[in-house]
There are 4 protein chains.
Amino acid sequence: MSKNRFEAFSDGVFAIAVTLLVLELHVPDPRPGLPDAGLTQGLLALWPLYLVYAASFATIGIMWINHHALFHNVARVTYAILLFNLLLLMMVAFLPFSIEVLSKFGLSRGAVEFNGLIFLLIGISYGVLYYVASPTIHGPRTFAGYFTTWTWWNSVGFIGYFVGIVLARFSPLAGIIIYALVAVYYALPAATRQLLNEPSKPQG
Amino acid sequence: MSKNRFEAFSDGVFAIAVTLLVLELHVPDPRPGLPDAGLTQGLLALWPLYLVYAASFATIGIMWINHHALFHNVARVTYAILLFNLLLLMMVAFLPFSIEVLSKFGLSRGAVEFNGLIFLLIGISYGVLYYVASPTIHGPRTFAGYFTTWTWWNSVGFIGYFVGIVLARFSPLAGIIIYALVAVYYALPAATRQLLNEPSKPQG
Amino acid sequence: MSKNRFEAFSDGVFAIAVTLLVLELHVPDPRPGLPDAGLTQGLLALWPLYLVYAASFATIGIMWINHHALFHNVARVTYAILLFNLLLLMMVAFLPFSIEVLSKFGLSRGAVEFNGLIFLLIGISYGVLYYVASPTIHGPRTFAGYFTTWTWWNSVGFIGYFVGIVLARFSPLAGIIIYALVAVYYALPAATRQLLNEPSKPQG
Amino acid sequence: MSKNRFEAFSDGVFAIAVTLLVLELHVPDPRPGLPDAGLTQGLLALWPLYLVYAASFATIGIMWINHHALFHNVARVTYAILLFNLLLLMMVAFLPFSIEVLSKFGLSRGAVEFNGLIFLLIGISYGVLYYVASPTIHGPRTFAGYFTTWTWWNSVGFIGYFVGIVLARFSPLAGIIIYALVAVYYALPAATRQLLNEPSKPQG
């Protein structure tokens with residue numbers, strides 16, 4: 001598999017999934033009695049969904065940036081990379097469904113937990129892909145050796161989504177904000193991230 | 001980030017967003033009593049939406065052309081460019097939602113204002129991206145220096161969408177026509193645009 | 001505009017439009033009283049839509065092949081080509097809407113006429129694009145000179161769709177079959193097409 | 001037709017079809033009486049559809065991998081390859097419709113049989129494309145000669161889908177599981193497949 005076509009397919013799925021998100025946002029139907037048929041009120045009431053839209057768009061967008069950085073260093077696309085990349089794309093492509101759930105059920109505890117679960121599965125799939133791709137970057141190594149390059153950077157997503165899912169039990173809005181903050185964290189330039197949590201280690 | 005993969009992802013989102021627009025157009029359900037089950041009448045009654053569809057398609061299409069021209073001159077895709085490009089794509093990908101609003105609420109004041117707001121946000125995002133990309137084209141410069149290359153060309157969108165939003169209060173149709181005219185303006189070849197408003201300055 | 005990025009964007013819109021078609025096909029809701037909840041019957045009753053789906057898919061697919069062949073010979077993507085290509089893509093991207101109309105109104109006269117109208121507009125847009133691109137292939141020439149390379153090949157679409165639209169008044173099914181035959185005609189290898197209608201002229 | 005643009009278009013349709021699948025999954029509407037408005041229960045009840053989603057995603061994804069491997073060896077994209085590739089893409093792009101059927105009719109016999117039929121048509125289209133592309137890889141040969149490179153690998157899909165369709169009459173779930181197993185079989189690295197059924201022949 002040439003890296004070119006591999007990247008083109010992955011870019012395609014990332015780009016499509018991110019653009020489909022908006023199809024699951026729905027303005028309420030017009031209500032003839034209200035001023036403006038209830039449009040302004042309806043659009044304003046959707047604000048938690050705009051936040052979810054932005055968080056999801058940013059999460060996929062930034063994952064695409066990191067996916068690109070990862071495969072810039074990968075020497076050869078192995079068959080295992082192909083399969084686990086498909087798994088990651090399957091999870092990423094599932095995100096619009098979680099927007100549909102939030103669209104239908106609003107900012108409720110269950111919907112936000114489900115949203116966090118999908119984010120968590122995306123994070124885990126990316127972690128597994130990173131692990132599988134690792135030998136073609138750093139040479140063959142043991143399972144333990146893999147964790148020697150494990151950094152805060154790799155953990156923030158897991159911890160963040162887990163905290164968000166737990167918080168959603170008490171405040172669904174807080175859960176969504178945590179998911180958005182994870183995206184913001186990964187969007188920070190590497191230098192800033194190092195200042196925040198790993199000033200002395202070289203960034204992986 | 002290689003310019004190639006950056007452009008491929010951006011092209012993908014532009015192409016998908018523009019093609020999804022049509023999914024938010026809906027013909028009314030058949031009404032058995034009417035001749036032709038009301039189809040011809042229903043299709044003709046949608047004409048303002050065809051105008052919005054054409055204006056939106058043209059706006060994204062022409063923004064894609066200008067996006068391409070901009071990055072043709074960009075020497076290096078910096079991290080800041082990546083992030084603000086994602087912001088622009090997030091706004092562009094939001095446009096189908098504004099078609100849905102117009103589809104549900106018709107050519108009403110609120111729906112056209114909302115449509116103009118999305119166009120304005122797209123315009124602002126493009127302006128910010130242009131500002132962020134500017135140093136890699138013209139070398140480092142001050143915030144003030146950035147505005148030395150600011151031309152009519154850059155202002156027409158902001159002014160046009162603002163005027164359209166204000167006009168929509170009095171005539172929603174006029175608002176849509178203004179948005180379409182903005183797209184037409186940016187579609188004019190550079191030479192024609194210079195004749196119209198900047199005959200003596202070299203076009204940036 | 002580099003030909004590469006121009007082609008990538010066009011390919012993207014063709015590929016997306018063709019893949020979105022299926023989203024406008026809808027199986028009827030389950031009807032609990034019927035055996036199999038009415039599924040088999042419902043799926044079989046959709047057969048005219050499968051034909052429309054196939055005709056539309058083939059039309060876009062084959063237009064993409066011809067689009068490719070055309071731009072293989074185009075030396076330079078001019079601004080006019082960019083704009084009229086956008087117009088063609090706008091028409092192509094509109095096709096899913098015409099499937100929605102057929103989905104809702106069935107194989108009725110009005111729906112098939114509308115479908116033919118969209119096909120005709122796509123054909124005209126392609127003709128205009130071909131005209132605009134012509135000078136970069138054959139060198140500058142007059143409007144009359146353009147028609148010296150006009151062949152049966154260029155006319156079949158216009159004639160076919162026009163005949164289909166007229167026939168739809170008497171038999172909607174006949175209209176759809178004509179549209180499908182136009183796609184079949186353009187799908188025939190050049191050699192076969194020459195045998196059919198232009199045995200002595202070199203194929204343009 | 002350059003192989004590049006041919007592959008870009010095919011990759012596009014594969015990537016879009018696979019990403020659209022999720023749009024046909026629908027969570028049931030909220031039911032105010034139930035705890036959590038019925039969300040958790042509704043999401044859990046969808047489990048057969050998650051399985052179908054995963055099987056469909058994997059089937060298209062792995063077909064894309066094999067499509068890539070096939071065309072890596074194809075020297076020249078002939079006109080016949082173009083047309084039969086379009087046929088394959090038309091079948092692949094139809095898969096979201098079969099998810100819609102399963103979404104509406106649940107894990108019923110008819111819906112699963114229909115799903116298997118689509119998979120079977122995809123498999124047949126791929127087989128025909130492979131046959132058409134074969135001469136540009138192995139040189140011209142007879143119809144019989146084509147079958148000298150026919151292996152278990154090529155047959156598993158046909159047999160699997162056929163068995164799945166028959167099994168669906170007795171247990172719809174068993175049918176879906178068989179379709180998923182076919183995807184798993186094609187996802188196994190070539191080495192494993194050889195161990196399973198063709199230890200002595202070189203893999204085509």
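Are any of the residues in region D:33-47 under 23 Å from A:PHE114 (Cα atoms), surrounded by fewer than 16 Cβ atoms within 10 Å (Cβ to Cβ), within 23 Å of the chain's Cα centre (by Cα) and not hydroxyl-bearing (Ser, Thr, Tyr)?
Yes, because at least one residue in region D:33-47 is under 23 Å from A:PHE114 (Cα atoms), surrounded by fewer than 16 Cβ atoms within 10 Å (Cβ to Cβ), within 23 Å of the chain's Cα centre (by Cα) and not hydroxyl-bearing (Ser, Thr, Tyr).
So, in region D:95-120, exactly how many residues are in contact with a His (Cβ under 7 Å, 6 or more places away or on another chain) and closer than 21 Å to D:ILE159 by Cα?
Count: 0.
Restricting attention to region A:98-141, which residues are of a type in the set (Phe, Trp, Tyr) and without any contact (Cβ under 8 Å) to a residue 24 or more places away in the chain?
Looking only at region A:98-141, we keep the residues that are of a type in the set (Phe, Trp, Tyr), and these are A:105, A:114, A:119, A:126, A:130-131.
Passing the criteria: A:PHE105, A:PHE114, A:TYR131.
Please enumerate the residues belonging to region A:171-204 that are crowded, with 18+ Cβ neighbours inside 10 Å and at pLDDT below 65.
Within region A:171-204, A:ARG193, A:GLN194 meet the criteria.
Which of (1) assigned to a loop (DSSP other than H, G, I, E, B); (2) more than 10 Å from chain D (Cβ to nearest Cβ); (3) within 24 Å of the chain's Cα centre (by Cα) is the odd one out, the single condition C:HIS26 does not satisfy?
(2)
Can you work out which of the residues in region D:29-49 that are in a helix (DSSP H, G or I) and among the small types (Gly, Ala, Ser) is farthest from the other protein chains (Cβ to nearest Cβ)? Give the steps one after another, and end with the answer.
If we filter region D:29-49 for residues that are in a helix (DSSP H, G or I), which is where we start, we get D:35-45, D:47-49.
If we keep only those that are among the small types (Gly, Ala, Ser) as well, we get D:37-38, D:42, D:45.
Working: D:ALA37: 6, D:GLY38: 9, D:GLY42: 9, D:ALA45: 13 Å.
Residue satisfying both the conditions and the ranking: D:ALA45.
I need the full set of residues from region D:53-94 which are within 8 Å of chain C (Cβ to nearest Cβ), in contact (Cβ under 8 Å) with a residue 40 or more places away in the chain and under 20 Å from D:GLY157 (Cβ atoms), in order please.
D:LEU89, D:ALA93, listed by residue number.
State all residues of region D:6-19 that are surrounded by fewer than 24 Cβ atoms within 10 Å (Cβ to Cβ) and either over 15 Å from C:ALA8 (Cα atoms) or facing chain C (nearest Cβ under 8 Å) (or both); if no residue qualifies, say none.
D:ALA8
Tell me, which residue of region B:101-110 that is farther than 13 Å from A:GLY42 by Cα and part of a helix (DSSP H, G or I) is nearest to the other protein chains (Cβ to nearest Cβ)? Please lay out each step first, then the result.
If we filter region B:101-110 for residues that are farther than 13 Å from A:GLY42 by Cα, which is where we start, we get B:102-103, B:106-109.
Restricting the remaining residues to those that are part of a helix (DSSP H, G or I) gives B:102-103, B:109.
On the way: B:LEU102: 10, B:SER103: 9, B:ARG109: 7 Å.
Among those that are farther than 13 Å from A:GLY42 by Cα and part of a helix (DSSP H, G or I), it is B:ARG109.
Does any residue of region D:78-87 turn out to be assigned to a helix (DSSP H, G or I), modelled with pLDDT of 90 or more, within 14 Å of the chain's Cα centre (by Cα) and among the aromatic types (Phe, Trp, Tyr)?
No, the conditions are met nowhere in region D:78-87.
Select from region B:111-128 the residues that are away from every other protein chain (no Cβ under 14 Å) and surrounded by 16 or more Cβ atoms within 10 Å (Cβ to Cβ) and write down the one among them that is modelled with the lowest pLDDT.
Step one: of region B:111-128, the residues away from every other protein chain (no Cβ under 14 Å) are B:119-120, B:123-124, B:126-128.
The next check asks that each one be surrounded by 16 or more Cβ atoms within 10 Å (Cβ to Cβ); those that pass are B:119-120, B:123-124, B:126-127.
Working: B:PHE119: 95, B:LEU120: 95, B:GLY123: 92, B:ILE124: 92, B:TYR126: 91, B:GLY127: 88.
If we take residues in region B:111-128 being away from every other protein chain (no Cβ under 14 Å) and surrounded by 16 or more Cβ atoms within 10 Å (Cβ to Cβ), then B:GLY127 is modelled with the lowest pLDDT.
What are the pairs, 6+ residues apart or on separate chains, where a residue within region B:152-170 that is under 17 Å from B:VAL128 (Cα atoms) has its Cβ under 6 Å from a residue that is of a type outside the set (Gly, Ala, Ser) and in a loop (DSSP other than H, G, I, E, B)?
B:TRP152/B:GLU198
Which of the residues spanning region D:123-143 are under 10 Å from the mean Cα position of the chain (by Cα) and closer than 18 Å to D:LEU82 by Cβ? Before you say what the answer is, go through the steps one by one.
First pass over region D:123-143, keeping only residues under 10 Å from the mean Cα position of the chain (by Cα): D:123, D:126.
D:TYR126, the sole residue that qualifies.
Tell me whether region D:62-77 contains one or more residues that are among the small types (Gly, Ala, Ser), in contact with a helix residue (DSSP H, G or I) (Cβ under 7 Å, 6 or more places away or on another chain) and assigned to a helix (DSSP H, G or I). Don't jump to the end; show me each part of the working.
Here is the first cut: in region D:62-77, the ones among the small types (Gly, Ala, Ser) are D:69, D:75.
Applying the additional criterion that residues be in contact with a helix residue (DSSP H, G or I) (Cβ under 7 Å, 6 or more places away or on another chain) yields D:75.
Those still in the list that are assigned to a helix (DSSP H, G or I) too: none.
For region D:62-77, residues among the small types (Gly, Ala, Ser), in contact with a helix residue (DSSP H, G or I) (Cβ under 7 Å, 6 or more places away or on another chain) and assigned to a helix (DSSP H, G or I): absent.
The values are calculated or read from the model by the stated rules, or taken from the named source; none is laboratory data. A quick note: this is a predicted structure, and the numbers were derived from the prediction, not measured. Positions of Cβ are generated from backbone atoms using ideal geometry, with glycine treated the same way; all protein chains shown enter the neighbour counts.
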